[in-house]
Every structure is written in C-alpha cells, then in structure tokens.
Ligand SMILES: Nc1ncnc2c1ncn2[C@@H]1O[C@H](COP(=O)(O)OP(=O)(O)OP(=O)(O)O)[C@@H](O)[C@H]1O
Ligand SMILES: [Mg+2]
C-alpha cells in the first residue's frame, strides 16, 4: 500500500530515494514502530521517520508545541480517539481508546435494532449521525432511515431525531469523556495550568460532530476549540514536520 501511494505522489522516479515521514498511532509499541520503519524502506523510502499522530495533529491544528507550555489534543478518528498532552514537541501524557466515530455508528445500529426492531447498515447510521447527531443537543432535527424489519424481513423506514441519536451515542461518548479526564488526571500540575488557559484542541473527523465542543467542556470544565480543518490536521502536520525535520526527526 505504501509503495502504491509513493508511486502516486512521486511518479517521476527521483534520482535519490525520497525521505519519508510516516504518522503512527501514539500507542504504538517498539516492535510496531520498527515494522513501520522497515515497511517504509521496503516501499522505496530513503531515510524513514515516524512521528506520533497527536504531535502531527497539534502541528496541523496550528498549535505552538515548541515551548515548555502544555497543550492538549483530542483526535477523534474513525477507529480510535487519541488524547495527548504535549510540551517541547513531545508527548507528556497520552492515551488511546478504540472508541471513535465508528463506535458511534455501531451504537446507533444497536439502538435502532433494540428500539425499533429495525436492522440498518453502518453507513446509514453514519449518515444519521452526521445529519442530526449531536453530543450536546441544541436544536432538534429529523432524518429518515431505511432498514430491514427484524421480524418480517421486509424493508421499513423510520424517523430518527437528534435526541434519539444522542441517546444511542451516550455510552461511547461517555468513554471518550472518561479518556479525556484520565489524561487530565495524569498531567503534571504546571502543564495543567497551561491547558486551562489555552483550552483543549479537538481534531479528526469526530470533531465535526455537532456539540462535541460543548460536551467535552461540560465533562472537563476546560474550554474547547475545534480545529479549522479537523479531518486534515494530521496530514497538514506531517507536511509541517517534514519541513522542520531537524527539530522533529526521530528515525
Ligand atoms: N460531520 C461529521 N459529523 C460527525 N462525524 C463525522 C463528520 N464527518 C466525519 N465524521 C466521522 O469522522 C470519522 C473519520 O475521522 P478521521 O478521518 O479523522 O478518521 P481516521 O484518521 O481515518 O481514523 P483513525 O484516526 O481512527 O485512524 C468517521 O467516523 C466519520 O463518521
Ligand atoms: Mg486519524
């Protein structure tokens, strides 16, 4: 896969092998890190570097992580939510939970099955989440979803509203909130002060969920900011780190 994307981005066969920077999950083990480095080389990379996604997400979100101040990043992706406190370009505390956007979709599928005896697909659930879902409901909206009746096996459609989707997502959202609090609990007090001043930065596609900022603020008591282009933060951060490899390289 790496070779495929490398060919796609560098189709003209450069005279020297390109230098690669690969974003990896924060919770990666040493063995996995070595495997990623090796995969990068086998795919045709010259010097290969890896950097943790929360560091890159923070850079892509425009945070200044060079200094000694503490910054907190919550990256809500599809498969995982990664949470980290960063200072001097490094992670000070972090956690990763396998609860992200996909878990919200799964929870909606289970809720609709339980409450309406209706089987819907994950993509239908994701559409409902994006259309009317909210982590902290304000205005109420409705969406029609289609599925298969659990009893008759026949197609049927129902109307879901913001509150129903919110109810469905409650458990996974609580897990995300708990993970954020656990990282705050582990954070050294001097960095905690910075985070209270600066707020928490949320990135990843899950940052686009309506009300996620107010939800995390209520759960932690800390101000929350949503990155400008949350889905692209890791990619944008990788570009920034590549241009500053002297400061960020860790091959
Ligand atoms: N407008 C939206 N509202 C709610 N959720 C959204 C919205 N747009 C995208 N998402 C969710 O964001 C998730 C994908 O986010 P992202 O692209 O950051 O994930 P990823 O980086 O591929 O995954 P991971 O970081 O776990 O490897 C999906 O679960 C998707 O449903
Ligand atoms: Mg991601």
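The values are calculated or read from the model by the stated rules, or taken from the named source; none is laboratory data. Predicted, not measured: the structure shown is a model, and the values here were computed from it. Cβ coordinates were reconstructed from backbone atoms using ideal geometry, including for glycine residues, and neighbour counts include every protein chain displayed.
Some notes on this structure:
- The single condition from (1) within 13 Å of ligand 1 (Cβ to nearest atom); (2) under 22 Å from residue 52 (Cβ atoms); (3) in contact (Cβ under 8 Å) with a residue 24 or more places away in the chain that residue 98 fails is (3).
- Residue match in region 136-144 (condition: modelled with pLDDT of 95 or more, within 19 Å of the chain's Cα centre (by Cα) and outside the structural domain of residue 81 (by TED's automatic domain parsing)): yes
- Any hit, region 208-225, residues being in the same structural domain as residue 46 (by TED's automatic domain parsing), at positive phi and in contact with a strand residue (DSSP E or B) (Cβ under 9 Å, 6 or more places away or on another chain): yes
- Checked against the criteria, residue 176 counts as farther than 15 Å from residue 133 by Cα and within 16 Å of ligand 2 (Cβ to nearest atom).
- Within region 145-189, the set of residues being within 14 Å of residue 127 (Cβ to Cβ) and more than 25 Å from the chain's Cα centre (by Cα) comprises 145, 146, 147, 157, 158, 159, 160.
- Unique match (being assigned to a helix (DSSP H, G or I) and more than 29 Å from residue 224 (Cβ to Cβ)) among 113, 127: 113
- Residue within region 219-239 that is surrounded by fewer than 21 Cβ atoms within 10 Å (Cβ to Cβ), more than 17 Å from the chain's Cα centre (by Cα), in a helix (DSSP H, G or I) and within 16 Å of ligand 2 (Cβ to nearest atom) present: yes
- Close pairs (7 angstrom Cβ cut-off, 6 or more residues apart or separate chains): without any contact (Cβ under 8 Å) to a residue 24 or more places away in the chain in region 187-210, outside any helix (DSSP H, G or I) anywhere: none
- The set of residues in region 67-90 that are within 16 Å of ligand 1 (Cβ to nearest atom) and either touching a residue at least 40 places away in the same chain (Cβ under 8 Å) or over 18 Å from the mean Cα position of the chain (by Cα) (or both) comprises 73, 74, 75, 76, 77, 78, 80, 81, 82, 83, 84.
- A single entry from 77, 60, 45, 40 fulfils the requirement of being under 16 Å from residue 202 (Cα atoms), surrounded by 15 or more Cβ atoms within 10 Å (Cβ to Cβ) and out of contact with any helix residue (DSSP H, G or I) (no Cβ under 6 Å at 6 or more places or on another chain): 77.
- Yes/no for residue 55 being over 23 Å from the mean Cα position of the chain (by Cα), buried (at least 19 other Cβ atoms within 10 Å of the Cβ) and touching a residue at least 60 places away in the same chain (Cβ under 8 Å): no
- For region 171-186, a tally of residues being in contact (Cβ under 8 Å) with a residue 60 or more places away in the chain, out of contact with any helix residue (DSSP H, G or I) (no Cβ under 7 Å at 6 or more places or on another chain) and either farther than 20 Å from residue 231 by Cβ or more than 16 Å from ligand 1 (Cβ to nearest atom) (or both) returns 5.
- Search result, residues across region 130-154 that are without any contact (Cβ under 8 Å) to a residue 60 or more places away in the chain, within 16 Å of ligand 1 (Cβ to nearest atom) and not in a helix (DSSP H, G or I): 139, 141, 143, 145
- Which listed residue is closer than 23 Å to residue 189 by Cα, within 13 Å of ligand 2 (Cβ to nearest atom) and modelled with pLDDT of 95 or more, from 83, 76, 65: 83
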